[in-house]
Amino acid sequence: MNLKELRLYHFKNHSNITLQFADKVNAIIGNNGVGKTNILDAVYYLANTKSYFNHLDNQLIQFGETECSIMGIYSDENQNTDIQIAFGENRKKTVKKNQKAFPRLLDYIGQVSAVFITPYDISLVFEGSEERRRFIDYTISQLDKTYLNQLIEYRKVIEQRNSFLKSLDGKDADPILMESFSFKLIPLSNSIFQKRTEFIEKFNPYFNESYRKLCGDLNQEILKIEYVSPLNSDSIEKILLNNHKIDCISGRTNNGIHKDDLNIEINGLPLKKFGSQGQIKSSVIALKLAQYQYLNQLSGKKPWLLLDDIFEKIDETRSQQLMKMVCGDEFGQIFVSDTHAQRVKDHFDSQGVEVNYYILE
């Protein structure tokens, strides 16, 4: 599944731009600040109907404008498909495939996938649990629409429960009303927890294999993701019951699967505390490469791989190993941004892969 053409209208700093892409490697070259990463983010948006960096669509509209659109043409089994996404300050977001609108944005998710590797991914190690939950939820949702719908429903119920708890102003809640929330939360929590548990079990081998290939076949370090959830030790019924008083006092739901986290370990020790700078960078890249392989294997479709200024952040040895991996048959179309065309050329020439360049000024 290859993206043939991308057209942006008032997206971030791009007023009106059209790019034609090659089937393997496409390099977006230019100085800092000209919008290289924004083009990669637009490709990601085309796959996911949201930005990798900005949670609010209004922040994506070019300054001084009121509407924005992203359009793309991709080929799938020799058939071209046209995708159009449009939104604005006073316009509801719409997604159209071959001119036909999807009733819900959720119906589009999973048709095309993208994996983004960027220097900001270091947040997966050092930032809070929300970043790591987003990683696991995105990966599962690309393959499981039921999971995505359950996740959205769970967040909706938690929001309603929190609104009710806040209205109590610290007073105790009516048990019957609280039970109505629990009635919805319990089956959703159990299902989401089970699917996350199964995902981690399947994902860890992909993670280790990607790290081994990135760092060299002789590397003996063992990486592991541990799923941290209150449901590992208690039932959701017991968790809600035990937290009843503190939830009422604080005005929010203090425990549940919305607090789940991932511990990334290297040789049985927390990567965040004991990993070297090189190990941490390599682990984060391996995590994303494993995500790519996982999505590819289970969906049968090769995601678009987006590499943002990757050669400035890792050493030459790992750069060459990365090129050896992504230039192989297991990977499909690649989009890379860099400030130097020659650096990109040198890396891909070493693998005998031709690069399509687009220079931004």
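The values are calculated or read from the model by the stated rules, or taken from the named source; none is laboratory data. Source: prediction; values computed, not measured. Note that we place each Cβ from the backbone using ideal geometry, even for glycine, and neighbour counts take in every protein chain shown.
Is it the case that some residue within the range 316-325 is touching a Phe, Trp or Tyr at 6+ places or on another chain (Cβ under 6 Å), farther than 23 Å from residue 278 by Cα and not basic (Lys, Arg)?
No: zero hits.
Per-residue answers, yes or no, for (1) under 17 Å from the mean Cα position of the chain (by Cα); (2) on the phi > 0 side of the Ramachandran plot; (3) at pLDDT 95 or above; (4) surrounded by 12 or more Cβ atoms within 10 Å (Cβ to Cβ):
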residue: 77; (1), (2), (3), (4): no, yes, no, no
residue: 85; (1), (2), (3), (4): no, no, yes, yes
residue: 90; (1), (2), (3), (4): no, no, no, no
residue: 104; (1), (2), (3), (4): no, no, no, no
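Taking the options 265, 226, 209, name whichever one is in contact (Cβ under 8 Å) with a residue 12 or more places away in the chain, assigned to a strand (DSSP E or B), closer than 18 Å to residue 288 by Cβ and of a type in the set (D, E, K, R). Steps first, please.
Details: 226 fails: closer than 18 Å to residue 288 by Cβ; 209 fails: assigned to a strand (DSSP E or B).
Being in contact (Cβ under 8 Å) with a residue 12 or more places away in the chain, assigned to a strand (DSSP E or B), closer than 18 Å to residue 288 by Cβ and of a type in the set (D, E, K, R) holds for just one of 265, 226, 209, which is 265.
Filter the range 286-318 for residues that are under 19 Å from residue 43 (Cβ atoms), in contact (Cβ under 8 Å) with a residue 40 or more places away in the chain and part of a helix (DSSP H, G or I) and give the result.
288, 289, 291, 292, 295, 299, 310
Within the range 131-144, can you find the residues that are part of a helix (DSSP H, G or I) and either hydrophobic (A, V, I, L, M, F, W, C) or surrounded by 13 or more Cβ atoms within 10 Å (Cβ to Cβ) (or both)?
Once the filter is applied, which keeps residues that are part of a helix (DSSP H, G or I) and either hydrophobic (A, V, I, L, M, F, W, C) or surrounded by 13 or more Cβ atoms within 10 Å (Cβ to Cβ) (or both), the range 131-144 yields 131, 132, 133, 135, 136, 137, 138, 139, 140, 141.
Hey, among the residues in the range 5-29 that are part of a loop (DSSP other than H, G, I, E, B) and either basic (Lys, Arg) or touching a Ser or Thr at 6+ places or on another chain (Cβ under 7 Å) (or both), which one's nearest to residue 307 (Cα to Cα)? Walk me through it before giving the result.
Of the residues in the range 5-29, the ones part of a loop (DSSP other than H, G, I, E, B) are 12-13, 21-24.
Those left that are additionally either basic (Lys, Arg) or touching a Ser or Thr at 6+ places or on another chain (Cβ under 7 Å) (or both): 12, 24.
Details: 12: 19, 24: 13 Å.
The selected residue is 24.
Going through 91, 161, 155 one at a time, which residue ends up being over 29 Å from residue 309 (Cα atoms) and touching a His at 6+ places or on another chain (Cβ under 9 Å)?
So the residue among 91, 161, 155 that is over 29 Å from residue 309 (Cα atoms) and touching a His at 6+ places or on another chain (Cβ under 9 Å) is 155.
Name every residue in the range 214-242 that is within 27 Å of the chain's Cα centre (by Cα), modelled with pLDDT under 95 and either of a type in the set (Asp, Glu) or surrounded by fewer than 18 Cβ atoms within 10 Å (Cβ to Cβ) (or both), in order of residue number.
Those that are within 27 Å of the chain's Cα centre (by Cα), modelled with pLDDT under 95 and either of a type in the set (Asp, Glu) or surrounded by fewer than 18 Cβ atoms within 10 Å (Cβ to Cβ) (or both): 216, 221, 222, 224.
Within the range 94-119, track down each residue that is closer than 30 Å to residue 311 by Cβ and either part of a helix (DSSP H, G or I) or without any contact (Cβ under 8 Å) to a residue 40 or more places away in the chain (or both).
Restricting attention to the range 94-119, the residues satisfying the condition of being closer than 30 Å to residue 311 by Cβ are 112-119.
119 - this is the single residue of the range 94-119 that is closer than 30 Å to residue 311 by Cβ and either part of a helix (DSSP H, G or I) or without any contact (Cβ under 8 Å) to a residue 40 or more places away in the chain (or both).
For residue 116, work out the one condition from (1) under 30 Å from residue 246 (Cβ atoms); (2) aromatic (Phe, Trp, Tyr); (3) surrounded by 13 or more Cβ atoms within 10 Å (Cβ to Cβ) it doesn't fulfil.
It is condition (1) that residue 116 fails.
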